[in-house]
Amino acid sequence: MATLNGTCGLITGVANKRSIAWAIAKALARDGARLALTYQGERLLDNVQELAAELDRPLLLPCDVTSDIQIAEVFQTIEREFGGLDFMLHGTAFAPREELSRPFVETSREGFRVALDVSAYSLIAMSRGAAPLMAARGGGAIVTLTYLGSDRVFPNYNVMGVAKAALEASVRYLADSLGPQNIRVNAISAGPIKTLAASGISGFGGILQVYRDRAPLRRNTELEEVGETGRFLLGPESSGITGEVLMVDSGYHVMGL
Ligand code: NAP
């Protein structure tokens, strides 16, 4: 059932085939959507090019989300090539590695600034760029990726937890800000999945094990499960949902112990 035939979307945060953003991109493409993928720098272009070969006429665009100039260029190109935008997946996050291993109280001013800029502010900047192109289509959908560390303390997640709290609050404020243009903004809070970004968190393997032991489903979250949820939140079936953080974590968040 190709419910997304004729739609166009932008995906940020594909680093390799294990990226959550790639799992969502595949689910959207299977449903008929045409996609633009961004990559942070030449270092990742080969990876993204190889993956993009699986897609139908993808656009590949450089975008470091800390650069307003690059963000503006992305949306100019999308307007020229697609003539509008139906959805956007924001899958970008970063904190300096040393911030994810030392005690939280040692968080540096610069580490805090970088983590919040790349992981939270970028959603606002990207949404501002996407909004006129979505409004031109009569509306759109935006989804970002978050983690329960926004709300609870996980070892070494540190400043990334603070960034995710800011990100989730931004989802709610953006939902209100863009709702009148029929643009929905939601987040998926995924359980831990072994990806490049996750490998920067000290003791990540231990967190995976705790989820396997204690989550109601007694297993870790699969990439495809987040992929399908992304497709749902970015597609027409979720038309009544905005400002929401949807948990896809084998139910771990409901447990008290
Ligand atoms: P990933 O494959 O490493 O994706 C993270 C992406 O962010 C990479 O493509 C990375 O590019 C990009 N990025 C970092 N700094 C950037 C910048 N300045 N400009 C543009 N892009 C930049 O890891 P992932 O786990 O799939 O992460 C995707 C999202 O899911 C993140 O928001 C993450 O916090 C969230 N999440 C992950 C988990 C998990 O357990 N894996 C759970 C819940 C939520 P580079 O590789 O070039 O830095």
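What does the charge dipole of region 1-71 about its Cα centre add up to, to the nearest 20 debye, if the Cβ of each Lys and Arg holds +1 and the Cβ of each Asp and Glu holds -1? Mind dumping the intermediate values first?
On the way: 7 positive and 8 negative charges, 51 e Å.
Computed about the Cα centre, the dipole is about 240 debye.
Among Cys8, Cys63, which comes first, second and so on when ranked by fewest other beta-carbon atoms within 10 Å? Present the calculation step by step, with values, prior to reporting the outcome.
Details: Cys8 21, Cys63 24.
Going from sparsest to densest Cβ surroundings: Cys8, Cys63.
Please state the shape class of region 1-145: rounded when a/c is under 1.5, otherwise prolate if a/b exceeds b/c and oblate if not, all from the C-alpha gyration tensor. If you can, show how the numbers build up before the last one.
On the way: a/c = 2.05, a/b = 1.62, b/c = 1.27.
Prolate.
Using per-residue counts of other Cβ atoms within 10 Å, averaged over each peptide, order 45-54, 240-249 from highest down. Walk me through the intermediate numbers first.
On the way: 45-54: 15.1, 240-249: 17.6.
Those peptides, ordered most packed to least, come out 240-249, 45-54.
Fewest first, what order do Ile24, Ile201 take by the number of other Cβ atoms within 10 Å? Don't skip to the answer; put the middle values down first.
Working: Ile24 30, Ile201 22.
Exposure proxy ranking, most exposed first: Ile201, Ile24.
Can you tell me which of 187-193, 213-219 comes out highest on packing, and rank the rest after it, using the mean Cβ neighbours within 10 Å? Show your work: numbers first, answer last.
On the way: 187-193: 24.1, 213-219: 12.4.
Highest mean packing first, the order is 187-193, 213-219.
Which FRET efficiency, nearest 0.05, do Ser202 and Val254 yield, Cβ-Cβ r, R0 25 Å? List each step's numbers first, then the result.
Numbers: r = 27 Å, r/R0 = 1.06.
Efficiency computed from Cβ-Cβ geometry: 0.40.
Which helices pass in the chain if a helix is a full DSSP H run, must span at least 20 angstrom along its long axis by Cα, and must have mean Kyte-Doolittle hydropathy not below -1.0? Let's see the in-between values first.
Working: long enough: 68-82 (21 Å, -0.07); 158-178 (30 Å, 0.60).
The answer, listed by residue number, is 68-82, 158-178.
Assigning unit charges at the beta carbon (Lys, Arg +1; Asp, Glu -1) and nothing else, what dipole magnitude in debye, to the nearest 20, does the chain show about its Cα centre? All intermediate terms of the calculation are to be shown ahead of the outcome.
Working: 24 positive and 28 negative charges, 88 e Å.
Charge dipole of the chain: 420 debye, to the nearest 20.
Kindly provide the helix-only [θ] at 222 nm of the chain, computed as the sum of -39,500 (n - 2.57) over DSSP H runs of four or more divided by all residues, to the nearest 500 deg cm²/dmol? Provide the component values of the computation, followed by the final result.
Details: 8 runs with 103 residues, N = 257.
Computed mean residue ellipticity for the chain: -12500 deg cm²/dmol.
Could you line up Ser127, Ser101 from fewest to most neighbouring Cβ atoms inside 10 Å? Don't skip to the answer; put the middle values down first.
On the way: Ser127 22, Ser101 14.
Taking fewest neighbouring Cβ atoms as first place, the list is Ser101, Ser127.
In terms of the ratio Rg/(2.2 N^0.38 Å) built on C-alpha atoms, what value belongs to the chain?
Working: Rg = 17.3 Å, N = 257, 2.2 N^0.38 = 18.1 Å.
Taking the Cα Rg and dividing by 2.2 N^0.38 Å, one obtains 0.96.
None of the figures in this text is laboratory data; all of them are computed from the coordinates on show. Being a predicted model, the structure only gives us computed values, none of them experimental. Note that we place each Cβ from the backbone using ideal geometry, even for glycine, and neighbour counts take in every protein chain shown.
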